[in-house]
Amino acid sequence: MKKYFLPILVFAGLLSANAQSIRLKTNYTEPRLGQSITITLKLNFIEEHIKETLAPELELKGNSAFSNYAREIQVNDTGDFQVGPFLFEFNGKVYKTDSVILHVTEPLENVEGLWVRLIEYDSTQILIVEQHIENEWKKDKESKDPFSMSLSTTELEFAELIENPMEGLEFNFRQSNSYSVLIDEKDPFGASLAYSRKIYHVTNYSGEEIQLSEDFFENLPKKIELPEIIIKASN
């Protein structure tokens with residue numbers, strides 16, 4: 001068996017060396033245990049192939065999912081995990097994606113609070129604002145059952161960054177996610193928390209290093225001590 005192994009490796013290496021590059025990206029690289037991230041691939045070559053094979057009298061219209069392939073990946077353990085590279089062949093050509101490293105951290109404790117992190121990915125500073133707020137069971141307005149109760153996060157005011165908190169500094173809002181979390185999973189109708197995660201990109205900042213301030217937020221809870229986060233000039 002060993003005498004066949006080396007040629008296979010060499011062949012795979014040649015394919016990889018001659019492959020055309022495809023960019024693989026994710027929305028952020030530091031999810032918590034149990035959360036999901038989204039990976040995207042630019043598969044424009046599929047659309048280009050279709051265009052080339054169409055009759056001159058025909059024209060592609062609209063947008064295609066092939067142009068921006070996206071899938072969610074759920075993380076089920078803590079630690080560092082590599083996604084990619086992926087190597088595949090289409091229409092006689094070999095394509096290879098790059099890769100991303102995920103740093104999966106522990107889940108938050110089931111207590112009220114605010115957590116802010118700054119990570120860097122793809123030459124971009126990314127601020128992740130997470131929050132737990134006490135959530136209450138309320139009568140389900142959409143149910144005909146007068147005793148029906150539900151949990152909702154839509155009426156709660158979570159902390160968020162101001163888009164332009166000062167001249168020259170911009171927080172570009174990218175993604176938001178919220179849901180309810182039971183404090184005791186054994187008690188499905190017990191106390192619960194509302195969880196929120198908001199993701200921002202720091203864009204167009206050319207000033208000197210500046211520390212993240214309470215003045216940059218709206219709906220910031222009282223008696224919250226922010227971590228020391230330094231924002232640098234954008235690349």
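The values are calculated or read from the model by the stated rules, or taken from the named source; none is laboratory data. The structure displayed is predicted, hence computed values, not measured ones. We place every Cβ from the backbone using ideal geometry, glycine too, and count neighbours over all the protein chains shown. Note: accessible area is taken over every heavy atom of the protein model, side chains too, but ligands, DNA and RNA are not part of it. Shrake-Rupley method; radii C 1.70, N 1.55, O 1.52, S 1.80 Å.
Which residues, counting only those in region 118-139, are open to solvent by 40 Å² or more (accessible area, probe 1.4 Å) and assigned to a strand (DSSP E or B)?
Within region 118-139, the subset open to solvent by 40 Å² or more (accessible area, probe 1.4 Å) is 118, 120, 122-123, 134, 136-139.
Correct list: 118, 120, 134, 138, 139.
Annotation: of all residues in region 61-98 being modelled with pLDDT under 90 and part of a loop (DSSP other than H, G, I, E, B), the one that is least open to solvent (accessible area, probe 1.4 Å) is 64. Taking the criterion of being within 16 Å of residue 70 (Cβ to Cβ) and either open to solvent by less than 90 Å² (accessible area, probe 1.4 Å) or small (Gly, Ala, Ser) (or both), the residues of region 36-60 that qualify are 36, 37, 38, 39, 40, 41, 43, 44, 46, 47. Of everything in region 22-32, what is open to solvent by less than 60 Å² (accessible area, probe 1.4 Å), closer than 23 Å to residue 129 by Cβ and either out of contact with any His (no Cβ under 7 Å at 6 or more places or on another chain) or of a type outside the set (Asp, Glu) (or both)? Give them in sequence order. Residues satisfying the conditions are 26, 27, 28, 29, 31, 32.
Checked across region 162-184, the condition of being acidic (Asp, Glu), within 24 Å of the chain's Cα centre (by Cα) and surrounded by fewer than 16 Cβ atoms within 10 Å (Cβ to Cβ) holds for at least one residue. With respect to the conditions (1) modelled with pLDDT under 85; (2) open to solvent by less than 40 Å² (accessible area, probe 1.4 Å); (3) assigned to a strand (DSSP E or B), residue 153 falls short on a single one, namely (3).
Here region 204-229 is the region considered, the condition is being in contact (Cβ under 8 Å) with a residue 40 or more places away in the chain and not in a loop (DSSP other than H, G, I, E, B), and the residue that is farthest from residue 159 (Cα to Cα) is 210. Each residue in region 185-203 was checked for being surrounded by fewer than 13 Cβ atoms within 10 Å (Cβ to Cβ) and part of a loop (DSSP other than H, G, I, E, B), and 6 pass.
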